[in-house]
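Single-structure report; data block below.
The values are calculated or read from the model by the stated rules, or taken from the named source; none is laboratory data. Nothing here was measured: the structure is a model prediction, and the numbers come from that model. Cβ placement follows ideal geometry from the backbone for every residue including glycine, while neighbour counts extend to all protein chains displayed.
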Amino acid sequence: MIALTRRNFGLLALTLVATLAPFENAAAQDFPLRPVRLIVPYAPGGSGDLIARLLGDKLSALWGQQVVVENRPGAGGVIGTETAAHAPPDGYTLYLATDGPLTVAATLNGRVPYDWKGDLAPVSMITVGYQVLIVDSNLPVRTLAEFIALAKSKPGALNFASIGVGTAPHLAAELFLSVAQLNLTHVPYNGSSAQAIRALIAGDVAMFMVGTSTALPFIKNGNVRALAVTSTISRVDGLPDVPTFAEAGLPQVDYSLWFAIAVPSATPADIVKKLNADINKIVADPQYQDALKIRGFEAKGSTSDELAAFMEKDYLKNRALILKLGLHVD
């Protein structure tokens, strides 16, 4: 019997790695061999759902495999995020990542059933966008200044909607109210932008901050009135007549939206790399860019490392806002 020295063991290990690497790369290049699910932690009809379905259709065409969008709303996105975080790490479960259940929940929630850094691996950014402040069309206001004046004349009498405590619409609204020094009552419609907009149209609430893609059809048909968007650089293409908060005199109201793709953290690196490359191909597709543009979003890709750095920065920004507002969810 030949003794296995430390040197021989090292050579054997290197040989095994070199032997297996081509097979791993081949498996990644063949991925996917069956349908892939894309978990959206929100109800159908919202900005995230629309973006997920647009990306899913493009990935299906690229891969020749169906991408099934699976809506799992509830608890501000926590339910769907838990499902994704604990899914098999084989690349066949993608997760639509955004701030609410990740970079917000880490501070806002007393406890969540996952570690947003440890259980999920960033793949790529897919888009950034903006929120628009919409109001009940029956309110006697047509500008942001007029709405602020009305709210100040009736402190505590007006309501504002969100899709749950700590979600992007809630935090953006709270930021606006803090900057404008307004007192409105919060009415959450957990996980459902459509329900919140119905409440706005019915007059049950006076204000709702929501993604431009969700609000656009209701603005166009006159059911609601748009007063300002959170874009800090220029007006949103789909809403050229709606001023930015900066134009309206409140540049501090800067709360943009972002959506990315993540996977369970133990997903093989080669599959993550392929997912990143394929997603960035779609982000560069003019049709994908145009489809997002008309909804008020900008197509934006990234490397996995760039996304990780962005999410850490977003976490720190949201943490500061949440602590300032004293928000907490048990």
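Among the candidates ALA145, ALA206, ALA180, ALA215, the residue that is among the small types (Gly, Ala, Ser) and within 30 Å of LYS300 (Cα to Cα) is uniquely ALA215. Within region 65-98, the residues that satisfy the criterion of being part of a strand (DSSP E or B) and touching a Gly at 6+ places or on another chain (Cβ under 7 Å) are VAL67, VAL69, LEU96. The single condition among (1) in a loop (DSSP other than H, G, I, E, B); (2) in contact (Cβ under 8 Å) with a residue 40 or more places away in the chain; (3) more than 24 Å from ALA168 (Cβ to Cβ) that LEU62 does not meet is (1).
Quick grid of which residues meet (1) under 30 Å from ILE233 (Cβ atoms); (2) outside the structural domain of PRO286 (by TED's automatic domain parsing):
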position	(1), (2)
ASP57	yes, no
GLN66	no, no
ALA75	no, no
PRO88	no, no
GLY100	yes, no
THR107	yes, no
SER137	yes, yes
ALA157	no, yes
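Scoring ALA269 on the criteria (1) farther than 24 Å from PRO41 by Cβ; (2) surrounded by fewer than 23 Cβ atoms within 10 Å (Cβ to Cβ); (3) outside the structural domain of LYS58 (by TED's automatic domain parsing) leaves a single failure, condition (3).
Please verify whether PRO264 is modelled with pLDDT of 90 or more and in contact with a His (Cβ under 9 Å, 6 or more places away or on another chain), treating the condition exactly as stated. Criteria met by PRO264. Of all residue pairs spaced 6 or more apart or on separate chains, those with beta-carbon atoms under 7 Å, a first member in region 303-330 that is among the hydroxyl-bearing types (Ser, Thr, Tyr) and a second member that is modelled with pLDDT of 85 or more are THR303/ASN276; SER304/PRO122; SER304/VAL123; SER304/SER124; SER304/VAL272; SER304/ASN276; TYR315/THR103; TYR315/ALA106.
State which residue is farthest from GLY129 (Cα to Cα) when the search covers only region 47-68 and only residues that are of a type in the set (Val, Ile, Thr) and crowded, with 20+ Cβ neighbours inside 10 Å. Break it down into steps so the answer makes sense when it comes.
Pass one, region 47-68, residues of a type in the set (Val, Ile, Thr): 51, 67-68.
Now restrict to residues that are crowded, with 20+ Cβ neighbours inside 10 Å: 51, 67.
Values: ILE51: 11, VAL67: 23 Å.
Among those residues, the one meeting the criterion is VAL67.
Pairing each residue of region 38-53 that is free of Cβ contacts under 8 Å to residues at least 24 places away in the same chain with any residue that is small (Gly, Ala, Ser), provided the two are 6+ apart or on different chains, yields C-beta distances under 9 Å for ASP49/ALA43; ASP49/SER193. Looking only at residues in region 307-330 that are at pLDDT below 90 and among the basic types (Lys, Arg), the one that is surrounded by the most Cβ atoms within 10 Å (Cβ to Cβ) is LYS317. Within region 131-150, can you find the residues that are out of contact with any Phe, Trp or Tyr (no Cβ under 8 Å at 6 or more places or on another chain) and in contact (Cβ under 8 Å) with a residue 40 or more places away in the chain? Within region 131-150, VAL132, ASP136, SER137, ASN138, ARG142, THR143, ALA145, PHE147 qualify. Just so you know, in region 197-236 the residues that are of a type in the set (D, E, K, R) and assigned to a helix (DSSP H, G or I) include one that is surrounded by the fewest Cβ atoms within 10 Å (Cβ to Cβ), and it is LYS220.
Please work out if ALA97 is of a type in the set (Gly, Ala, Ser), surrounded by 24 or more Cβ atoms within 10 Å (Cβ to Cβ) and touching a strand residue (DSSP E or B) at 6+ places or on another chain (Cβ under 7 Å). Outline the logic, then answer.
Values: of a type in the set (Gly, Ala, Ser): yes; surrounded by 24 or more Cβ atoms within 10 Å (Cβ to Cβ): yes; touching a strand residue (DSSP E or B) at 6+ places or on another chain (Cβ under 7 Å): yes.
Against the criterion (of a type in the set (Gly, Ala, Ser), surrounded by 24 or more Cβ atoms within 10 Å (Cβ to Cβ) and touching a strand residue (DSSP E or B) at 6+ places or on another chain (Cβ under 7 Å)), ALA97 qualifies.
Checked across region 299-306, the condition of being surrounded by 13 or more Cβ atoms within 10 Å (Cβ to Cβ), under 18 Å from the mean Cα position of the chain (by Cα), not small (Gly, Ala, Ser) and not in a helix (DSSP H, G or I) holds for at least one residue.
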